[in-house]
1. How many of the residues in the stretch 115-129 are free of Cβ contacts under 8 Å to residues at least 40 places away in the same chain, within 13 Å of the ligand (Cβ to nearest atom) and among the hydrophobic types (A, V, I, L, M, F, W, C)?
2. Kindly indicate the residue of the stretch 117-128 that is of a type in the set (Gly, Ala, Ser) and either in contact with a strand residue (DSSP E or B) (Cβ under 7 Å, 6 or more places away or on another chain) or assigned to a helix (DSSP H, G or I) (or both) and also nearest to residue 90 (Cα to Cα) among those meeting that condition.
3. Can you tell which of 143, 170, 154 is among the aliphatic types (A, V, I, L, M) and without any contact (Cβ under 8 Å) to a residue 60 or more places away in the chain?
4. Name the residue that is farthest from the ligand (Cβ to nearest atom), counting only residues in the stretch 130-153 that are within 27 Å of residue 69 (Cα to Cα) and among the charged types (D, E, K, R).
5. Tally up the residues in the stretch 181-205 that are surrounded by fewer than 16 Cβ atoms within 10 Å (Cβ to Cβ) and touching a strand residue (DSSP E or B) at 6+ places or on another chain (Cβ under 8 Å), please.
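Nothing in this text is a laboratory measurement; each read-out follows from the coordinates by a stated rule. Everything numeric here is computed off the predicted structure, so don't read it as measured data. Cβ atoms come from the backbone with ideal geometry, glycine included; neighbour counts cover every protein chain shown.
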Amino acid sequence: MTKTKLPNVSPNVCLSWSWFKGWGRPITECLAFIRWRVRIFVYRWAVRLGIDIRLNEDDRRILEKIILPSFAADDGIRNVLFVGCDWYTKFYPRMFPGRKFWTLEIDPRKRVYGSKLHIVDSAVNIGNHFLSEPLDLIVCNGVLGYGLDSRDDVEKAFAGCFASLRTGGVLLVGWDDIRTQLAVPLDQCESLKFFRQHVFPPFGAWRTLIPNRFRKTYDFYIKE
Ligand SMILES: C[S@@+](CC[C@H](N)C(=O)[O-])C[C@H]1O[C@@H](n2cnc3c(N)ncnc32)[C@H](O)[C@@H]1O
């Protein structure tokens, strides 16, 4: 297994080509960005060939070593939806052996990183897919502010999550405090008010902020 760190440029912009289109970027940031894009290209192909590569970031380690294993150890979690996928999430379905692990991603090119049960669609339409077999867990990590941006879309996505979960089902929302708050202040999100905040036992809290450069925040909600 290989571990890789994100480049040392502003976390708000470092993964996006749109950042690169502007003039006047410091040359060191441009070089870091180009090196990162080349590495991503190589990693994507390596992952397709079955090589396990993981992001070497604190928030990712917490997701992969505490949060997902804790859910996987829960026998009540049989039907899981993971929203948004990429090369570094390809191994996640293997963490839930014997369960139904769905992935849903808007970009059809990322189907290769999804599970066998993959849906190409926007999170806005989650509510259309799982009404006949309710989910036990939805993980919506890193999607807010990375494509799921407008208030209307966020409200529809979380309302769809509520409709798709069974009673007692859990929604995990992972968001970057540095950018998501600019898009939609989650505390003002009406559809999240359908849920109750859920204390996640390993953290002893419903909200946990990882003090890294993204200020990644994990929020846990339960449908009652
Ligand atoms: C930063 S990545 C996060 C991937 C993954 N969820 C994780 O844990 O890191 C954001 C992903 O969300 C996808 N995405 C953006 N908007 C979306 C939407 N409305 N519905 C579903 N996926 C979306 C993007 O295509 C991208 O693959």
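1. First, the residues of the stretch 115-129 that are free of Cβ contacts under 8 Å to residues at least 40 places away in the same chain: 115-122, 124-125, 127-129.
Pick out the ones that are also within 13 Å of the ligand (Cβ to nearest atom) and you get 115, 118-122, 124-125, 127-129.
Right, trim to among the hydrophobic types (A, V, I, L, M, F, W, C) and you get 119-120, 124.
Number satisfying all stated conditions: 3.
2. Taking the stretch 117-128 as the starting set, the residues that turn out to be of a type in the set (Gly, Ala, Ser) are 122-123, 127.
Pick out the ones that are also either in contact with a strand residue (DSSP E or B) (Cβ under 7 Å, 6 or more places away or on another chain) or assigned to a helix (DSSP H, G or I) (or both) and you get 123, 127.
Details: 123: 18, 127: 24 Å.
Taking the candidates together, the pick is 123.
3. Details: 143 fails: without any contact (Cβ under 8 Å) to a residue 60 or more places away in the chain; 170 fails: without any contact (Cβ under 8 Å) to a residue 60 or more places away in the chain.
Exactly one residue qualifies, and that residue is 154.
4. For the stretch 130-153, the residue satisfying everything is 133.
5. Of the residues in that region, 4 qualify.
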